[in-house]
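Here the structure is laid out as structure tokens; the discussion comes afterwards.
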Amino acid sequence: MAGRIRDEDVKAVRDAVPIDAVVSEYLHLKNAGGGNLKGLCPFHDEKSPSFQVSPSKGLFHCFGCGEGGDTLAFVMKVDHLSFTEAVERLAGQAGITLRYEEGGYVPGRQQGERIRLVEAHKAAAAFYVEQLGSAEGEIGRRFLTARGFDQAAAGHFGVGYAPAGWDHLVRFLRGKGFSDRELITAGLASESRRGGAIDRFRGRLIWPIRDITGEVIGFGARKLREDDQGPKYLNTSETPLYRKSQVLYGIDLAKKEIARTGRAVVVEGYTDVMACHLAGVTNAIATCGTSFGGEHIKILRRLLMDNATSEVVFTFDGDEAGQKAALRAFEDDQKFAAETSIAVTPGGMDPCELRLAEGDAAVQRLIEGRTPLFAFALRSIVSRYNLDTDEGRVAAVDAAVPVVAAIKNQALRDRYAIRLVGMAGMATQAEEQSMIRRVRALARARAAGGGGPAVRPQDALRQPAAAGGPGPERRPAGPPQNVPRGPRLDLRSPAHRLERELLKLALQFPQLVAPAFDAYGEDEFTGPPYAQVRRVIAEVGGVEFADTDFLTRVREAAPDDSVRMMVTELAVEPVMHKAPEFYAGEVLVGVRMNAVRRRITEVHATQARLIAQGVRHDAPELAAVGNERWALEQYAQRLTQHGAAAL
């Protein structure tokens, strides 16, 4: 992975690629007035456009779902890219050469190397596809046909064939100008005993492995001949492009459907992904020669947006080994906001075999008939105990209660507590209520960090020592989840509306409110989010010397995403006047007048309290309060008479 891209190059990319041109590739935009454009939001379903783009500010914001940011943020979200990937993609479109800080790629030379490796993979993929149609490739075509994949299916997934000779690909890529060292670095070739390069994949069916942007970064190869002494599947080794723990096969084809439906289906192999997609389950993906882990979770979180209504479905064979593999996949379950489910294939068949035996509808039924993780875990636990005895039933419940207490949703947790009672054959109303209380108590203890062990779902399949013996192995619970912060703003409040308008002016037309705005304190903004935005503007130097990077600096200075979102929203939302230059003074005066009136009210209350306490009229403290009130009232009168000139 490349090192940090230089700040000046990131700025050059932002400046070179207009946000409206980028957004227009994904949705139709029309005039929204005030120099803004609007369209239907690509990030949530809506019937009327609430998604606005400000070309002059280089920002977008959706007033329906709250998403917002600059050009890079849009590309990252809509195409599910990292920051670096988004910068590199836009830089390529703009013809900008990126430079990387020391510690990553060497500026210039190694950035060129990455481009070369990507180009080599692209050429190799085309070569393999062509070879599948050759006479020698007949063995590969028969393999595909036997599994229900025709030529169109092979073309859709880019499946190819690697000839059985030693250096067919190497000679082809040499002819394209690639060096042996580049091919070895890319993992396309291996070094021979004589020091030259030979093909890594020979006599095998080939699947191109693409990253989330659609670039080929590696290959998976399946052996076809009995005399092939290698493993059944051989993947690209670790390279500067390919890290198997960070790759999901089919993610380039599935990402839009995963984001649209809020569901990802994880299968075990390349042919399973193909079978699912061809059967209409187009959100299917697979790991590449490794178990599902933390880096894969990160990829799916970017697609599922940590939505609690989202779901990850794992498919596994129905035998005991497959069940254990299913539960191991959920050791990091709490890293998902999404629900996790298991679809166990019947008769030990994988999705590819199921489709071949019973058709597309059977694959769809497999996914639709999935079982939530916790239901699967509870069944697995309870089935290990002898429920014909009181000792066995009590032991089963003791083993399963920690799993139920680990469920994040309280209502669902109560439902599973009741279900557990029934599964253990103890289904009386009194026992159900007792179980709910027990589970709730354990969940509260964990949330408070005060103990109560948590059970990993995969431990559910461990054989108990005895029917009444100890339950599964346990581990401490994690910290409680953070709760949302702060109340919503009351936009019906005249004060809040004026404060919002003033911040919009400060961000969109800083020259119209400078230098007066910089003298306004945070306490003049009664909405806490508005006070935070005011603080951030002050931290970047205020509005008087705002330059072309002012908005970018304000957004980058925001302490968290909620403040950054508010800045973006205020920078894109149109000002409530067609002529801001005539409106700015009125808003400045309005916010200041509200602050003065609030202070007059406070001083008046202090004055009344002192009098009620028997303080003499000529006492210094009462005189000081009276003088402050007189000064404030005089200032309010000047604001009324002279407007912005009195500021």
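Kindly indicate whether any position in the stretch 182-189 is of a type in the set (S, T, N, Q) and free of Cβ contacts under 8 Å to residues at least 12 places away in the same chain. The answer is no; no qualifying residue exists. For the stretch 52-97, taking the residues that are touching a Phe, Trp or Tyr at 6+ places or on another chain (Cβ under 9 Å) and assigned to a loop (DSSP other than H, G, I, E, B), the one that is surrounded by the most Cβ atoms within 10 Å (Cβ to Cβ) is identified as E67. Considering G195, G203, G250, G214, the condition of being crowded, with 24+ Cβ neighbours inside 10 Å and either modelled with pLDDT under 90 or at positive phi (or both) is satisfied by G250 alone. Taking T261 as the residue in question, decide whether it is at pLDDT 95 or above and either touching a Leu at 6+ places or on another chain (Cβ under 6 Å) or not hydrophobic (A, V, I, L, M, F, W, C) (or both). No. Looking at the stretch 39-51, which of the residues that are of a type outside the set (D, E) and touching a Leu at 6+ places or on another chain (Cβ under 7 Å) is farthest from P18 (Cα to Cα)? Result: P49.
What tally of residues in the stretch 568-613 results from selecting those that are under 30 Å from H61 (Cα atoms) and of a type outside the set (A, V, I, L, M, F, W, C)? Result for the stretch 568-613: 14.
Every residue, every condition in (1) in contact (Cβ under 8 Å) with a residue 12 or more places away in the chain; (2) part of a helix (DSSP H, G or I); (3) buried (at least 21 other Cβ atoms within 10 Å of the Cβ), yes or no:
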| residue | (1), (2), (3) |
| --- | --- |
| L503 | yes, yes, yes |
| L507 | yes, yes, yes |
| D518 | yes, yes, no |
| D523 | yes, yes, no |
| T526 | yes, no, no |
| Q532 | yes, yes, no |
| R535 | yes, yes, no |
| E544 | yes, no, no |
| V554 | yes, yes, yes |
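For first residues located in the stretch 266-290 and among the acidic types (D, E), partners that are surrounded by fewer than 24 Cβ atoms within 10 Å (Cβ to Cβ) and part of a loop (DSSP other than H, G, I, E, B) and lie 6+ apart or on another chain with Cβ distances below 8 Å form the pairs E268/D350; D272/D350.
Is it the case that the stretch 540-548 has a residue that's of a type in the set (D, E), modelled with pLDDT under 95 and more than 13 Å from E501 (Cα to Cα)? Yes, the conditions are met somewhere in the stretch 540-548. Can you pull out the residues in the stretch 20-35 that are part of a loop (DSSP other than H, G, I, E, B) and not aromatic (F, W, Y)? Answer for the stretch 20-35, where residues must be part of a loop (DSSP other than H, G, I, E, B) and not aromatic (F, W, Y): S24, E25, L27, H28, L29, G34, G35. D549 falls short on exactly one of the conditions (1) closer than 20 Å to E586 by Cβ; (2) out of contact with any Gly (no Cβ under 9 Å at 6 or more places or on another chain); (3) of a type outside the set (V, I, T), and that condition is (1). When the helices (runs of 4 or more DSSP H) confined to the stretch 362-433 are screened for residues that are without any contact (Cβ under 8 Å) to a residue 40 or more places away in the chain, of a type in the set (V, I, T) and farther than 30 Å from A284 by Cα, those reaching at least 2 such residues are found at 410-423. Within the option set A644, A605, being assigned to a helix (DSSP H, G or I), surrounded by fewer than 16 Cβ atoms within 10 Å (Cβ to Cβ) and touching a residue at least 60 places away in the same chain (Cβ under 8 Å) holds for one residue only, A644. With respect to the conditions (1) out of contact with any strand residue (DSSP E or B) (no Cβ under 7 Å at 6 or more places or on another chain); (2) at pLDDT below 85, F83 lacks only one, and its number is (2).
Screening the candidates R597, R629 for the property of being at pLDDT 90 or above, surrounded by fewer than 16 Cβ atoms within 10 Å (Cβ to Cβ) and assigned to a helix (DSSP H, G or I) yields one hit, R597.
Within the stretch 281-296, the set of residues being part of a helix (DSSP H, G or I) and surrounded by fewer than 17 Cβ atoms within 10 Å (Cβ to Cβ) comprises G294, E295.
Please determine whether any residue of the stretch 132-150 is surrounded by 14 or more Cβ atoms within 10 Å (Cβ to Cβ), within 21 Å of Y249 (Cβ to Cβ) and touching an Asp or Glu at 6+ places or on another chain (Cβ under 6 Å). The answer is no, given that none of the residues of the stretch 132-150 is surrounded by 14 or more Cβ atoms within 10 Å (Cβ to Cβ), within 21 Å of Y249 (Cβ to Cβ) and touching an Asp or Glu at 6+ places or on another chain (Cβ under 6 Å).
If you go through the stretch 259-280 one residue at a time, do you hit one that is in contact with an Asp or Glu (Cβ under 6 Å, 6 or more places away or on another chain), part of a loop (DSSP other than H, G, I, E, B), buried (at least 17 other Cβ atoms within 10 Å of the Cβ) and hydrophobic (A, V, I, L, M, F, W, C)? Yes, the stretch 259-280 has at least one match. Taking the criterion of being touching a Phe, Trp or Tyr at 6+ places or on another chain (Cβ under 9 Å), in the same structural domain as L502 (by TED's automatic domain parsing) and at negative phi, would at least one residue in the stretch 605-613 satisfy it? No.
The values are calculated or read from the model by the stated rules, or taken from the named source; none is laboratory data. Remember, it's a predicted structure, so these values are computed and weren't measured experimentally. Here the Cβ is made from the backbone with ideal geometry for all residues, glycine too, and neighbour counts use every protein chain on show.
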